[in-house]
Amino acid sequence: MVENVVIIGSGPAGLSAALYTAREGFNPLLIKGVGSGGQLLLTTDIENYPGYSKIAGPELIRLMEQQATQFGTRFLEGDVTKVELNSKPIKLHVDDKIIETLTLIVSTGASSKWIGLPSEKNFTGRGVSSCATCDGAFFKNKEVIVVGGGDTAMEDSLFLTRFASSVTIVHRRDAFRASKIMQERVLSNPKIKVLWDTVVEEITGDRKVSGVKLKNLKNSLATEMKIDGVFVAIGHQPNTSLFTGQLELDKDGYIITKDDVLTNIEGVYAAGDVADRFYKQAVTAAGSGVKAALRVREHLSMLSFEESRSKH
Ligand code: NAP
């Protein structure tokens with residue numbers, strides 16, 4: 001059996017693509033990896049998804065899945081280990097099976113890079129976050145640190161000054177990597193302090209984060225700091241290793257798209273953070289999933305037109 005459309009990834013992009021392709025009657029198959037759901041599963045409460053004044057990330061994903069299922073989406077839990085995008089139909093190796101499909105939507109998302117401390121993992125969602133836009137509002141009048149020295153760290157720090165009483169950037173070097181204008185904004189903001197040449201060695205607390213252990217890399221001085229929140233902003237890693245050598249990727253591994261969702265291979269579309277180094281919001285990911293679904297509709301109707309013409 002050859003599928004009409006397979007979607008890889010079960011974040012808002014994949015689930016929105018599933019909803020739309022299901023309502024078109026394409027009977028989509030969505031492959032979700034183990035631990036699926038994307039970055040929303042790391043978010044406690046969402047206040048910026050239109051239509052919901054407040055909803056937990058996992059609950060929003062659950063509702064999206066329910067809605068996609070209602071119209072006929074089929075879900076398969078499994079790991080895609082290999083793809084053959086240039087074959088016709090497209091071949092996907094999922095665990096020990098091969099799935100063939102006429103079209104494919106890649107919505108494998110991007111994963112935040114983490115520092116790699118065991119304590120960071122323990123406190124994720126309890127004071128440690130990698131998404132200032134999602135979680136910043138929960139730190140009203142609290143003291144937070146932001147780890148990183150790139151544009152994301154600058155942007156997150158500036159955003160967090162709206163809520164937090166103080167924001168301290170902890171950066172491992174003595175210069176930021178961020179663009180000049182963002183650096184200037186940060187360095188001229190009286191609410192933001194910078195600890196240069198410093199790394200976080202441990203995050204401390206009981207049920208929630210209450211402090212960090214820091215180390216200055218130049219003089220090896222260890223210090224402790226009381227804080228309520230740790231925002232890790234050391235970059236994102238698009239989940240595209242599976243597609244290397246087949247889909248065109250930029251230097252950081254994001255899928256290069258044309259007209260928002262078209263990839264270099266006909267019938268293969270990219271949606272959500274896997275192709276988005278800028279917006280990275282649940283609602284923008286959902287929107288791009290919809291665009292990919294509409295392109296699938298266009299492509300499938302072209303294929304069926306060609307097939308019926310070849311029969312006459
Ligand atoms: P990035 O530019 O790669 O910066 C990551 C930062 O995290 C660097 O300062 C890096 O330190 C630090 N870092 C990396 N690994 C670390 C670790 N293990 N421990 C401590 N620090 C670590 O990532 P980004 O800031 O997410 O930006 C990604 C891209 O998106 C960039 O091209 C950026 O310009 C763009 N962007 C643009 C905007 C905007 O224009 N408004 C906003 C956000 C992002 P080093 O400097 O020492 O390497």
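Below is a table of values for the structure above.
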quantity: Ranked 290, 268, criterion: other C-beta atoms within 10 Å, fewest first; calculated: 290, 268
quantity: Whether region 181-312 is rounded, prolate or oblate, judged on the alpha carbon gyration tensor where a/c under 1.5 counts as rounded; calculated: prolate
quantity: Relative contact order (%) - the chain, alpha-carbon pairs under 8 angstrom, separation at least six; calculated: 21
quantity: Dipole of region 114-232 [Lys/Arg +1, Asp/Glu -1 at C-beta], most positive-end residue of 145, 166, 212; calculated: 166
quantity: Beta bridge orientation in the chain: antiparallel %, DSSP, nearest 5; calculated: 50
quantity: Largest-first principal axis extents, alpha carbons of the chain, Å; calculated: 78, 36, 36
quantity: The chain: most fluctuating residue of 208, 193, 88 per GNM, C-alpha cutoff 10 Å; calculated: 88
quantity: Candidate lysines for bridging to residue 193, where Cα separation is under 27 Å - those fewer than 8 sequence places away on the same chain excluded; calculated: 113, 121, 140, 142, 180, 208, 213, 215, 218, 226, 280
quantity: Fewest-first sequence of 77, 3 by Cβ atoms within 10 Å of each Cβ; calculated: 77, 3
quantity: Contact order normalised by residue count of region 96-252, Cα under 8 Å, 6+ apart, percent; calculated: 30
quantity: Nonlocal amide H pairs with residue 3, under 5 Å, H built at 1.01 Å; calculated: 100, 101, 102
quantity: In order through region 247-256: 3J(HN,Hα) via Karplus (6.51 cos²θ - 1.76 cosθ + 1.60), integer Hz, x for Gly, Pro; calculated: 8, 6, 10, 7, 5, 9, x, 6, 6, 7
quantity: Fluctuation leader among 18, 292, 175 - the chain, Gaussian network, Cα springs under 10 angstrom; calculated: 175
quantity: Shape category assigned to region 114-232 from the gyration tensor of Cα positions, a/c cut at 1.5; calculated: oblate
quantity: Likely footprinting exposure, 61, 115, fewest C-beta neighbours within 10 Å first; calculated: 115, 61
quantity: Relative packing of 232-238, 50-56, 10-16, which averages over residues the other C-beta atoms within 10 Å, highest first; calculated: 10-16, 232-238, 50-56
quantity: Computed helical MRE - 222 nm, the chain, DSSP H runs ≥ 4 contributing -39500 (n - 2.57), nearest 500; calculated: -8000 deg cm²/dmol
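Read-outs: derived from the displayed coordinates by stated rules, not from any lab. Bear in mind the structure is a predicted one, so any value in this text is a computation, not a measurement. For neighbour counting, all protein chains shown are included, and Cβ atoms are generated from backbone atoms with ideal geometry for every residue, glycine included.
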